Amino acid sequence: MRKIIHIDMDAFFASIEQRDNPELRGKPVAVGHGSGRGVVAAASYEARKFGVRSAMPSVVASRKCPELIFVPHRFDVYREVSATVMNIFREYTPLVEPLSIDEAFLDVTTNLKGMLTATEIAYQIKDRIRETTGLTASAGISVNKFLAKIASDYRKPDGLFIIKPSQVLPFVETLPVEKFFGVGPRTAEKMHELGLFCGKDLQQADLQILIRNFGKMGNFFYQVACGIDNRPVQPHRERKSVGIESTFSQNLNNQQDMFEALTELEEGLWKRIVRHGRFGRTITLKVKFSDFEQITRSQSFMHPITERNCIQGVVAELLQMANPTKAVRLLGITISNFEDEETSGPVQLTIDFD
């Protein structure tokens, strides 16, 4: 029985800006540019109440919240704070797996402090983060990574939620499929068509039907719905790329539909890039056709790509280069060839159990 903690900083970029500028505290803040082609990279909780979210065009965010205050990015500051937080984690366990600039998994089955419970460790880490950085974090605690990550989102901000071993199956049974890792809007729609709405439906589903409809993720959905997730916390994993892809319930037969699908993927990719905290120089488009033939097209640049609209332009060019003449069942976008940490600087972007 493992003890896994997932720690997620609360509105990380926006909270740092509010911490460093008292005039912003208690006000709706968006990190990014308010220009016509700008994009929100992060939003404070005050802004989220109006429906402002990351990856949203700035003009849309301003319509939703006319009093929204835009502040530019300071990625050098965010990285410095992130390093401080990660070092706090490593005071308790060497098994720390950063997922992005502001969140990580910790395996505290055994820990460096000799503390008895994961709950005690999580509370102490939250206190250390507050004392050291002036920021708050939320924690989720359970027996595996899947459940710990879900738990950390339950009582944000500044929350702590525990899913004990005896609570795992009852908890997952009522969990909407939309909360499962890897289930986006299209996958959720397909699940609903199959009569799958919650964890209990996945538990009772035919595994072969899940695999036939969702590939290898079908097996993953089935396993985690049964409370099984044996993925270890990997402390030395270095992420080489950030990507997103979607398999469509119906094949796409024209480029206009493909462009629309790619626009949705670009939004999800941009969120992941910003949370990763580093920017890449190479964009790759993946196209899988209805006959399962697969092609990729890539373009590299001298400097990191730090604007979402640049991604949009490049992806559109790559689709033209691919010139798909057959029906398409899957599209994916990946960014890689990350900037070196040494040369990267600030950039402007338009449960208590034993």
Failed condition for Lys286, given (1) modelled with pLDDT of 90 or more; (2) assigned to a helix (DSSP H, G or I), with all others met? (2)
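Condition test on Val96, is it among the aliphatic types (A, V, I, L, M) and over 26 Å from Leu116 (Cβ atoms)? Break it down stepwise before answering.
Numbers: among the aliphatic types (A, V, I, L, M): yes; over 26 Å from Leu116 (Cβ atoms): no.
So Val96 fails the test.
Matching residues to (1) more than 27 Å from Ala139 (Cβ to Cβ); (2) modelled with pLDDT of 90 or more:
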| position | (1), (2) |
| --- | --- |
| Gly218 | yes, yes |
| Asp229 | no, yes |
| Arg237 | no, no |
| Glu260 | yes, no |
Can we say Val183 is of a type outside the set (S, T, N, Q), in a loop (DSSP other than H, G, I, E, B) and crowded, with 17+ Cβ neighbours inside 10 Å? yes
Surrounded by fewer than 17 Cβ atoms within 10 Å (Cβ to Cβ), on the phi > 0 side of the Ramachandran plot and not assigned by TED's automatic domain parsing to the domain that holds Glu131 - does that describe any residue in region 36-58? yes
So, in region 1-30, exactly how many residues are farther than 26 Å from Ile125 by Cα and either in the same structural domain as Glu131 (by TED's automatic domain parsing) or surrounded by 24 or more Cβ atoms within 10 Å (Cβ to Cβ) (or both)? 2
Does at least one position in region 50-71 carry a residue that is of a type outside the set (S, T, N, Q) and under 27 Å from Pro235 (Cα atoms)? no
Search region 174-202 for residues that are under 22 Å from Ala148 (Cα atoms) and pair each with any residue that is among the aromatic types (Phe, Trp, Tyr) and surrounded by fewer than 16 Cβ atoms within 10 Å (Cβ to Cβ) when their beta-carbon atoms are under 7 Å apart and the residues are at least 6 apart or on different chains. Pro176/Phe197; Val177/Phe197
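For (1) of a type outside the set (Asp, Glu); (2) under 20 Å from Leu252 (Cα atoms); (3) exposed (fewer than 15 other Cβ atoms within 10 Å of the Cβ), each residue gets a yes or a no:
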{"position": "Glu264", "(1), (2), (3)": "no, yes, no"}
{"position": "Arg275", "(1), (2), (3)": "yes, no, no"}
{"position": "Arg278", "(1), (2), (3)": "yes, no, no"}
{"position": "Lys286", "(1), (2), (3)": "yes, yes, no"}
{"position": "Thr296", "(1), (2), (3)": "yes, yes, yes"}
{"position": "Phe301", "(1), (2), (3)": "yes, no, yes"}
{"position": "Glu307", "(1), (2), (3)": "no, no, no"}
{"position": "Gly313", "(1), (2), (3)": "yes, no, yes"}
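For Arg63, are the conditions met, namely being in a loop (DSSP other than H, G, I, E, B) and surrounded by fewer than 22 Cβ atoms within 10 Å (Cβ to Cβ)? Quick ask: steps written out before the conclusion?
Details: in a loop (DSSP other than H, G, I, E, B): no; surrounded by fewer than 22 Cβ atoms within 10 Å (Cβ to Cβ): yes.
When the stated conditions are applied, Arg63 does not pass them.
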Checking Thr343, Thr306 in turn, the sole residue that is part of a loop (DSSP other than H, G, I, E, B), polar (S, T, N, Q), at pLDDT below 85 and assigned by TED's automatic domain parsing to the domain that holds Ile283 turns out to be Thr306
Quick check: anything in region 137-153 of a type in the set (Ser, Thr, Tyr), closer than 30 Å to Ala14 by Cα, assigned by TED's automatic domain parsing to the domain that holds Asp102 and assigned to a loop (DSSP other than H, G, I, E, B)? no
Identify, from the list Arg297, Arg329, the residue that is out of contact with any helix residue (DSSP H, G or I) (no Cβ under 9 Å at 6 or more places or on another chain), more than 25 Å from Val40 (Cβ to Cβ) and assigned by TED's automatic domain parsing to the domain that holds Ser246. Arg329
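In region 125-136, what residues are surrounded by 14 or more Cβ atoms within 10 Å (Cβ to Cβ) and not in a helix (DSSP H, G or I)? First the steps, then the outcome.
So in region 125-136, the residues surrounded by 14 or more Cβ atoms within 10 Å (Cβ to Cβ) come out as 125-126, 128-129, 133, 135-136.
Matches in region 125-136: Leu135, Thr136.
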Output the qualifying pairs, or none if there are none: Cβ atoms under 6 angstrom, residues six or more apart or on different chains, first residue in region 74-88 and more than 22 Å from Ala30 (Cβ to Cβ), second residue at pLDDT below 95 and in a helix (DSSP H, G or I). none
Considering only region 80-124, state which residues are under 16 Å from Arg2 (Cβ atoms), of a type in the set (Gly, Ala, Ser) and in a helix (DSSP H, G or I). Ala118, Ala122
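The values are calculated or read from the model by the stated rules, or taken from the named source; none is laboratory data. None of the values given here were measured: they were computed from a predicted structure. All Cβ positions, glycine included, derive from the backbone under ideal geometry; neighbour counts span all protein chains shown.
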